[in-house]
Amino acid sequence: MTEVSVAKDSVAATDDLVVLSSVNKHFGALHVLQDIDLTIARGEVVVVIGPSGSGKSTLCRTINRLEAIDSGTILIDGKPLPDEGRELARLRADVGMVFQSFNLFAHKTVLENVMLGQVKVRRTDKHKAEEKARGLLDRVGVGTQADKYPAQLSGGQQQRVAIARALAMDPKVMLFDEPTSALDPEMINEVLEVMQQLARDGMTMVVVTHEMGFARSAANRVVFMADGRIVEEATPDQFFSNPRSDRAKDFLSKILHH
Amino acid sequence: MRRPRGAAHRGNPHAEAREIVFDFLEGYDLLGAFWVTVQLTLLSAVGSLIWGTLLAAMRVGPVPLMRGFGTAYVNIVRNIPLTVIILFTSLGLNQTLGISLGAHNFDTINFRLAVLGLIAYTSAFVCEAIRAGINTVPVGQAEAARAIGLSFTQVLTLIVLPQAFRSVVGPLTNVLIALTKNTTVAAAIGVAEAALLMKKMLENEAQLLLISAVFAFGFVCLTLPTGLILGWVGKKVAVKR
């Protein structure tokens, strides 16, 4: 026991990027996040899994304050999450987010989607922004679609553009809120491959997902949530082969055996 | 057809009939009056689009005081008859409070007061149309915009309003057509637009039905193309999802 806590402290001292401590959040009478403590180190890939309604999406959305918390603290790169206003906007620029429903700006082309944040938030020169945007679109494999509108792309292509849009801000950490849940099965892999590549490149990632294959292959750590609490944290190997809690055993038996 | 030289006009029975039937139009500046109507419409349209958009921004904004103001403004102004508002600009603002909006001549003062009243009234409807448009923009659009670090104003002006406008071209066209016809209320404070001229002609001439028909036709000439053109624009700019 003592050894474990010492080990944790030494990690905390080195390079913690996102630190949540005693975070609580209610939706009306529903206590969606209950005393959440979670630390994510720089370069770490953390996959959050759990049954629906367990609060994993909400957890993801509190990190860039798309959901405000009721109590507790969230530190990003050592600084507490600001309230509304300019400070918060600045912080959000450093935290990339990819949504389940893509949310590409429908009235702008793919290229404009990836340029917008650079030009309007980072005040980058337009030519440089375009160059970077085209580079990122090539990197996620949709370079040829740059001048189309989002509605003309497939779901998988849209989600890859959304990843490029987030990367264009040079984020310190990327949040993925069920990025493949709205995709047709044959498009899931093209998105997961981009995410795998990001993980290999050393991006700090928080991924809420139902893709157990991705969790196994790309995650440094699996966080299992149920009923608003973190029930279990372990390496993917440990978690999938030897879950400790009954809740996790039950969950895994339901999703892995058929 | 045989045309006697030098009497092309006199000899044409149709031209002669036209002259007799439309005799009553002589001596009236019909085009001038409709030009005032057009000016009232355009100035009020631009003004109410700006003020209505600002009101809509207030109503969806994060500041409770502004939200309260926007809501109160819309609910009060859209429930007052336009005639009362226009009369108030003249009797209240001008004659009681001495506001002349930078003009000295009586006609100009009344014209400007009428534009002010029309803007005040129409912007309440513009605001509600735009607010309905904002509601058609999926929440995810604003969330994604906030997530890349755009400020509230940027989210509104770069992402939400451009999409909202595209979805409410139809409702805004209705407001514009209503506004075109509402400019006739400016006659109540003596602005020399189409309705005032019509009133004068109805008093002086005998062809009551024909005079009404001419003015009705004039307004249709203004509003029908507006509806057709903006209908086409609305289809063209619609956001595909």
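Do you know which residues across region A:97-118 are part of a loop (DSSP other than H, G, I, E, B) and among the polar types (S, T, N, Q)? Write out each step before concluding.
Going residue by residue through region A:97-118, those that are part of a loop (DSSP other than H, G, I, E, B) are A:99-109.
If the condition is that a residue be part of a loop (DSSP other than H, G, I, E, B) and among the polar types (S, T, N, Q), then A:100, A:101, A:103, A:109 are the ones that fit.
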Condition first: assigned to a helix (DSSP H, G or I) and out of contact with any strand residue (DSSP E or B) (no Cβ under 8 Å at 6 or more places or on another chain). Now tell me which residues in region A:191-219 satisfy that.
A:191, A:192, A:193, A:194, A:196, A:197, A:200, A:213, A:216, A:217
Considering residues that are part of a loop (DSSP other than H, G, I, E, B) and more than 11 Å from chain B (Cβ to nearest Cβ), the number found within region A:119-147 is 8
Does region A:79-100 hold any residues that are more than 7 Å from chain B (Cβ to nearest Cβ), more than 11 Å from residue A:64 (Cα to Cα) and in contact (Cβ under 8 Å) with a residue 60 or more places away in the chain, and which are they?
A:98, A:100
Please state which of the following conditions residue A:47 fails to meet, knowing it meets all the rest: (1) within 14 Å of chain B (Cβ to nearest Cβ); (2) at pLDDT 95 or above; (3) farther than 20 Å from residue A:161 by Cβ.
(1)
How many residues are open to solvent by 30 Å² or more (accessible area, probe 1.4 Å) and either free of Cβ contacts under 8 Å to residues at least 24 places away in the same chain or of a type in the set (A, V, I, L, M) (or both) when one looks only at region A:54-77?
3
First in region A:101-118 and within 8 Å of chain B (Cβ to nearest Cβ) and touching a residue at least 60 places away in the same chain (Cβ under 8 Å), second anywhere and aliphatic (A, V, I, L, M) and outside any helix (DSSP H, G or I), Cβ under 6 Å, 6 or more apart
A:101/A:182
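Matching residues to (1) without any contact (Cβ under 8 Å) to a residue 60 or more places away in the chain; (2) surrounded by fewer than 14 Cβ atoms within 10 Å (Cβ to Cβ); (3) within 14 Å of residue B:134 (Cβ to Cβ):
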site	(1), (2), (3)
B:47	no, no, no
B:51	no, no, no
B:56	no, no, yes
B:61	no, no, yes
B:64	yes, yes, no
B:67	yes, no, yes
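Of everything in region A:166-190, what is charged (D, E, K, R) and either assigned to a helix (DSSP H, G or I) or under 11 Å from the mean Cα position of the chain (by Cα) (or both)? Give them in sequence order. Step through it out loud before you land on a result.
Pass one, region A:166-190, residues charged (D, E, K, R): A:170, A:172, A:177-178, A:184, A:186, A:190.
Residues satisfying the conditions are A:177, A:178, A:186, A:190.
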Looking at region B:204-241 only, could you name the residues that are of a type in the set (Val, Ile, Thr) and away from every other protein chain (no Cβ under 14 Å)?
B:211, B:214, B:220, B:223, B:226, B:229, B:233
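Among the residues of region A:37-52, is any over 19 Å from residue A:215 (Cα atoms), in contact with a strand residue (DSSP E or B) (Cβ under 6 Å, 6 or more places away or on another chain), open to solvent by less than 10 Å² (accessible area, probe 1.4 Å) and touching a residue at least 24 places away in the same chain (Cβ under 8 Å)? Break it down stepwise before answering.
Within region A:37-52, the subset over 19 Å from residue A:215 (Cα atoms) is A:37.
Still in the running and in contact with a strand residue (DSSP E or B) (Cβ under 6 Å, 6 or more places away or on another chain): A:37.
From what's left, open to solvent by less than 10 Å² (accessible area, probe 1.4 Å): none.
No, region A:37-52 contains no residue that is over 19 Å from residue A:215 (Cα atoms), in contact with a strand residue (DSSP E or B) (Cβ under 6 Å, 6 or more places away or on another chain), open to solvent by less than 10 Å² (accessible area, probe 1.4 Å) and touching a residue at least 24 places away in the same chain (Cβ under 8 Å).
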Residues that are more than 14 Å from chain A (Cβ to nearest Cβ) and under 30 Å from residue A:68 (Cβ atoms), at least 1 per element: which helices (runs of 4 or more DSSP H) completely within region B:44-162 meet that?
B:64-77, B:106-136
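The values are calculated or read from the model by the stated rules, or taken from the named source; none is laboratory data. Predicted, not measured: the structure shown is a model, and the values here were computed from it. So basically every Cβ, Gly included, is an ideal-geometry build from the backbone, and we count neighbours across all protein chains shown. These accessible areas exclude ligands, DNA and RNA; they are computed on the full protein's heavy atoms, side chains included. Shrake-Rupley method; radii C 1.70, N 1.55, O 1.52, S 1.80 Å.
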